[in-house]
Structure formats: C-alpha cells, structure tokens
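First the structure, in the form of structure tokens, and then the observations on it.
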Amino acid sequence: MRSDHATAGTALQTDVPSSRPWWESAVIYQIYPRSFQDGDGDGIGDLAGMLRRLDYLAALGIDAIWISPIFPSPMADFGYDVSDYCGIDPLFGNMAAFDRVVEGVHARGMKLLLDFVPNHSSTAHAWFAESRASQESAKRDWYIWRDGAPQGGPPNNWTSDMGGSAWAYDATTDQYYLHSFLEEQADLNWRNPAVRAAMTDVLRFWFERGVDGFRIDVLWHCIKAEDLPDNPANPDYVPGMGEKFRVLQRHSTNQPEIHELAAAFRALADGYGDRLLVGEICLPVDELMAYYGSPDAPGVHLPFNFQLFDAPWNASILASLIKAYEAALPSGGWPNWVLGSHDAPRLAGRVGEAQARVAAMLLLTLRGTPTIYQGDELGIGRVAIPPDRIRDPQELRQPGLGLGRDGARTPMAWDERPYAGFSAAEPWLPLHGSWRTHNVACEDQNPASMLALYRRLLALRRRHRALSIGAIEVLACEGDVLRYERRHGDEHLLVALNLGSEPQPFSVPAKSEIVDVLASTRALRTLDGTLAADEGMVLRLGAA
Ligand code: NOJ
Ligand code: MG
C-alpha cells in the first residue's frame with residue numbers, strides 16, 4: 001500500500017479535452033470581497049487586496065473565482081443593491097484595479113465570474129430615479145409600480161424576503177413599488193423589453209472586458225405573474241420563521257416565462273464562447289432542474305444545488321439525496337454542489353470541525369462542479385457577532401430569529417498580525433474567535449490542518465479525473481458510512497465517509513483489492529476493517 005499525499009500548489013492548467021467545457025471539471029471559489037483582503041487600510045476588503053492574494057488561490061488549487069458584487073452601491077445589502085451595473089464601487093477600487101484582477105486571474109490559469117444582480121437595482125440607480133419621478137416617466141415601467149389596494153394598504157399580500165410587505169409606498173406619485181428584498185432594492189420589470197435590452201448591454205460590457213461568466217442572483221425571482229395575484233398563505237408558517245414564509249411565493253417567483261429569459265442569457269453567453277452561467281435558484285430539486293432548460297433552449301449551465309446547506313447530516317439521508325439529485329438531472333445536465341456561502345451559516349458551525357473535514361471530502365469527490373466558500377478551507381465555524389457589531393440588514397430587521405448572515409461574512413484570517421493580516425484597521429466585522437490558529441499562515445505549516453486537507457483534496461481531484469468527471473454510483477449505506485464509487489476510463493475509486501463520531505466497520509466491496517489509499521481526512525494509514533470516528537477515505541480499487 002502506498003500513500004499518495006499531494007503537495008500544495010500543483011500546476012493550475014486544467015487538462016480538459018476540448019470536447020468538455022472547462023467548468024465541468026473546475027472547482028469554483030467564492031470571494032466575498034468585503035471580507036477577503038483589505039488593500040487600502042479602511043477595514044474593508046477590496047480589489048487591490050484581492051490581487052495580492054491571487055497566488056494563494058492558485059496554490060490552493062481552485063480553477064475559477066466568483067466575486068460577490070463589486071459595483072457602485074449604497075451597500076444597503078452590501079453590494080446586492082447595485083446603482084451602476086457597469087462600474088466599480090470606489091470602496092473596492094476602480095476599473096483599472098478590476099482589469100488588473102482579471103489579468104492576474106487569467107495569468108494564473110484561472111477564470112473569473114462576476115455576480116449579476118438582475119432582479120432588482122438599488123433605488124439609488126439613475127433608472128429608478130427617473131422611474132420614480134412621474135407616472136409618465138419613460139422609465140416608469142422599468143420597475144413594478146401599482147396603486148394601493150382599494151381598501152388601502154399595499155397592492156397585494158406579497159412579503160419581502162427581508163421582512164414586512166414587499167411593497168413600498170412612494171408619495172411622489174402616490175403609488176407603491178415592488179421590492180422582493182430591501183426597500184432600497186426595487187424589482188426591475190423584466191417583462192419590459194427595454195429592461196432586457198439595457199441588462200443585455202450590461203452582460204456584454206463585462207464579457208467584452210474578459211469575464212468568464214456570471215453567478216446570477218435570485219434568478220427564479222426575476223419574473224412575476226403578470227397580474228400580481230395574492231400569494232396563498234403558507235399553511236406551515238409559524239411565527240419566528242421569518243416573514244417571507246408567511247405566504248408561499250407561488251405568483252412572485254418561478255414563473256414559466258423565466259426559462260425563456262434564462263435561455264436568452266445563455267444564448268448571449270454562448271455567443272462569447274466558453275463562458276459559464278451559474279444560477280442562484282432556491283427551489284426543490286424537480287423545479288430546479290427546469291433551469292437547465294431544454295436541448296433547443298438551454299438555460300444556465302449550473303443551477304446552484306444548495307441541498308447540503310441544511311440536509312440532515314446522516315449517511316442514508318445524504319445517500320438518498322445524492323441519488324435523487326443525480327436521477328433528476330436532465331440529459332446533458334451537469335451536477336454541482338455547494339457547501340457554504342455568504343448567506344448560509346458555516347457548515348463547520350453546524351456539524352463541527354471534524355465532520356467539516358468529512359464534508360470537504362464529500363464536496364470535492366462528488367460528481368459535478370463544487371463551489372467552495374472563502375474561509376471554509378480554514379475550518380471557520382460559527383461566529384457569534386456581538387450586538388453592536390451586527391451589520392446584516394436581515395438580522396437588523398428581523399432580530400433574534402437566527403436569520404443573520406454576518407457570521408458567514410467575517411474577514412479571512414491570513415496570519416497572526418493584528419486583525420489577522422486582513423487589514424491595518426479594525427475590520428468591518430469581527431474576526432472569528434479562533435483566528436490565531438485558524439489562519440492561512442498557521443494552517444500552512446500544519447499538515448493536519450483543514451487548509452492542508454483542502455489542498456490535498458483539490459490536488460487529488462485534479463490528478464484523478466474519475467473524481468471530477470467520472471461516473472458515480474452510490475452504494476448502500478452501512479451504519480454511519482456513506483459510500484460511493486467513481487469511475488473514469490481504467491480508474492475505479494471508492495469514497496467512504498464516516499458521518500458519525502463512533503468507529504464504523506468498513507470493508508471494500510468484494511472482488512476488489514486495494515491498490516492505494518489516496519486520501520484520508522485524518523493521517524494516512526493502512527486499512528484495518530474500520531473507519532475511525534469522523535474519518536473519510538478515498539481509495540483506488542483494482543480488480544482481484
Ligand atoms: C441573494 C444574495 O446572495 C443575498 O446576499 C442577497 O441579499 C439577495 N440575493 C438579494 O440580492
Ligand atoms: Mg479597503
């Protein structure tokens with residue numbers, strides 16, 4: 001038996017045959033720019049800082065970076081309230097700094113995705129100012145304006161995802177405008193061809209500047225039922241869930257026409273060659289699948305698959321979930337998996353650090369494109385935010401319900417300098433409590449760290465194409481052990497993950513002999529018929 005530990009920082013170029021698009025075997029890394037690296041000493045991450053950290057990402061072994069919004073914005077929702085779709089917010093730098101990042105990413109053989117926020121603009125956008133000015137404005141119909149209900153109050157019962165009614169009254173013209181999120185984020189009217197044309201120009205602008213694709217914010221929200229009927233009440237609503245759950249979003253989201261819009265985005269992207277569109281869509285699997293589109297009208301390349309965010313951490317439940325997702329994929333639809341984001345609680349906070357290592361192995365050995373969220377590779381867990389440091393409007397508007405997202409948005413910890421090398425000034429959000437040990441410099445020195453594990457797994461995935469593009473077969477679970485096989489060409493790998501905190505019996509399938517233990521979430525060792533507590537392994541099997 002031979003151990004095969006990968007070294008960090010393996011070469012980056014992917015060797016994808018030209019018949020397969022690059023993103024099928026790629027690993028995406030999400031940067032939350034406010035919290036990645038500050039370059040100008042104001043306590044907020046920016047493009048100059050990001051540029052300095054590109055070598056880190058290259059050495060980590062990821063293939064593509066998705067940057068959450070960096071466009072001009074009043075920052076009511078930290079950039080998801082865009083006031084100019086074709087600019088860079090001065091907080092993050094300027095267009096020259098952006099161009100340097102694009103160049104630096106490409107020079108290292110990586111790709112760059114931006115965040116496209118089509119459902120709503122900031123109310124500070126010039127389009128909205130014009131729309132708001134009068135009912136006769138040429139841009140009135142760029143947003144969704146309605147009279148109040150005859151009995152008074154908002155036009156219908158739709159609720160905002162951030163709490164309260166989805167309608168804001170505007171005295172200038174005595175009408176309400178729709179905002180599915182904050183009042184500062186007015187929903188654009190995608191049924192208006194002028195909006196489509198203007199936003200198409202936005203996509204063109206960035207494609208022509210060299211970006212390799214987009215993550216599309218709340219794609220399933222973009223089109224609403226034409227006559228805006230009341231949403232049905234949610235029979236499962238109980239107070240404390242958050243206002244958005246009061247009603248089912250039947251008429252305010254996921255309308256049939258959305259697929260034509262997704263197909264139009266796709267056709268535009270394909271017109272530029274080799275680009276990638278990832279759709280943010282939070283829907284049950286059967287409805288999610290429709291976002292792949294059809295052979296005649298393909299939709300986004302990757303409708304984000306968020307199921308691991310809140311799936312019970314249990315081997316047989318995860319096995320069923322993986323099988324059901326794979327089975328639901330349309331022909332030609334490429335899978336993808338996400339473990340964390342700037343919106344979701346950190347997984348390590350939910351399942352603990354030992355299981356977060358198992359989760360990393362799961363993410364990086366499943367079939368499909370994985371997305372890693374910044375900081376998960378350090379094992380950052382739950383971060384308690386002191387009340388006076390809360391910044392997320394979601395928490396400020398609906399306090400105490402556990403909806404706050406600041407805990408997932410705390411700064412990256414780079415080293416043991418003050419503020420963890422993130423900034424010379426106090427960061428906009430506090431650091432995680434364990435930053436003195438859970439930082440890049442410290443973990444870099446420690447082969448047992450989460451960072452070292454991520455690097456090993458990323459290198460392994462790059463070396464063994466069975467792990468990225470190979471077929472998957474999920475095996476029957478044994479106790480707490482989730483097992484699946486991956487095959488590509490002559491390569492036959494077995495992944496076995498102990499999702500529990502007790503040792504589990506484990507044997508390789510009959511007719512196999514082990515050729516190699518390729519990776520473990522713990523120290524590499526020989527097999528002895530068990531998996532240790534919280535242990536995951538990748539094995540190369542050979543026929544007996
Ligand atoms: C999803 C984004 O990820 C989230 O951060 C934001 O608040 C909403 N969309 C609204 O844009
Ligand atoms: Mg800064």
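The values are calculated or read from the model by the stated rules, or taken from the named source; none is laboratory data. Remember, predicted model here, so these are calculated numbers, not experimental data. Ideal geometry is used to build each Cβ from the backbone, glycine not excepted, and the neighbour counts take in all protein chains shown. Just the protein is used for accessible areas: all its heavy atoms, side chains included, with ligands, DNA and RNA removed. Shrake-Rupley method; radii C 1.70, N 1.55, O 1.52, S 1.80 Å.
The calculated FRET efficiency for the pair Ala327 and Ala384, based on their C-beta separation and a Förster distance of 41 Å, comes to about 0.55. Amide hydrogen proximity for Thr369: with H placed 1.01 Å from N in the peptide plane, the residues at 5 or more positions away or on another chain lying under 5 Å are Asn336, Trp337. Between Glu103 and Ala59, the modelled labels are 2.3 nm apart [label points 7 Å from Cα along Cα→Cβ]. Couplings 3J(HN,Hα) of region 436-452, computed from phi: 5, 10, 9, 9, 4, 4, 5, 5, 4, 7, 10, x, 8, 6, 4, 4, 4 Hz, in residue order, whole Hz [Karplus 6.51 cos²θ - 1.76 cosθ + 1.60, θ = phi - 60°; x for Gly and Pro]. Counted residue by residue at 0.36 nm each, then reduced by the alpha carbon distance between them, the extension gain from Val285 to Arg350 reaches 21.1 nm. Normalising the average separation of contacting C-alpha pairs (under 8 angstrom, six or more residues apart) by the number of residues puts the relative contact order of the chain at 15 percent. Spin-label model, Asn94/Asp42: points 7 Å from Cα along the beta carbon direction are separated by 1.3 nm.
Of the peptides 418-429, 314-325, the ranking by mean beta-carbon count within 10 Å, highest at the top, reads 418-429, 314-325.
Using 0.36 nm per residue, how much length does the chain from Ser320 to Ala297 gain when fully extended, once their Cα-Cα distance is taken away? So the chain would gain 5.3 nm between Ser320 and Ala297.
The slack between Leu475 and Leu228, meaning 0.36 nm per residue of separation minus the straight C-alpha distance, is 84.3 nm. Ranked by the mean number of other Cβ atoms within 10 Å of their residues, highest first, the peptides 406-417, 528-539 fall in the order 406-417, 528-539.
Sequentially through region 143-150, phi angles give Karplus couplings (6.51, -1.76, 1.60; θ = phi - 60°) of 10, 10, 10, 8, 5, x, 5, x Hz, Gly and Pro residues having no value and appearing as x.
Across region 198-208, computed HN-Hα scalar couplings (Karplus, 6.51 cos²θ - 1.76 cosθ + 1.60, θ = phi - 60°) run 5, 6, 5, 4, 5, 4, 4, 3, 7, 4, 5 Hz from first to last residue, x flagging Gly and Pro.
Ligands, DNA and RNA left out, the 1.4 Å accessible surface of the chain is 52% carbon and sulfur atoms. Charge dipole (Cα centre; +1 on Lys/Arg Cβ, -1 on Asp/Glu Cβ; no other charges) of the chain amounts to roughly 1280 debye.
Near Thr530, the amide H atoms lying under 5 Å from its own belong to Phe506; only residues 5 or more places off or on other chains count, and H is placed 1.01 Å from N.
Inter-label distance, Asp170 to Ser134: 1.4 nm, where each label sits 7 Å from its Cα along the C-beta direction. For the peptides 386-393, 364-371, the ranking by packing is 364-371, 386-393, with the highest mean count of neighbouring Cβ atoms within 10 Å listed first.
Per residue, the chain exposes an accessible area of 37 Å² to a 1.4 Å probe, with every protein chain left in place. For Lys111, the amide hydrogen comes within under 5 Å of the amide hydrogens of Ala64, Ile65, counting only partners 5 or more places away or on other chains and with H modelled in the peptide plane.
With both bridge residues required to lie in the chain, what share of the DSSP beta bridges run antiparallel, to the nearest 5%?
Numbers: 40 of 65 bridges.
Beta bridges within the chain, antiparallel portion: roughly 60 percent.
Since only His301, Ala96, Gly407 are under comparison, the one whose Cα sits farthest along the positive direction of the charge dipole of the chain, derived from C-beta charges on Lys, Arg, Asp and Glu, is His301.
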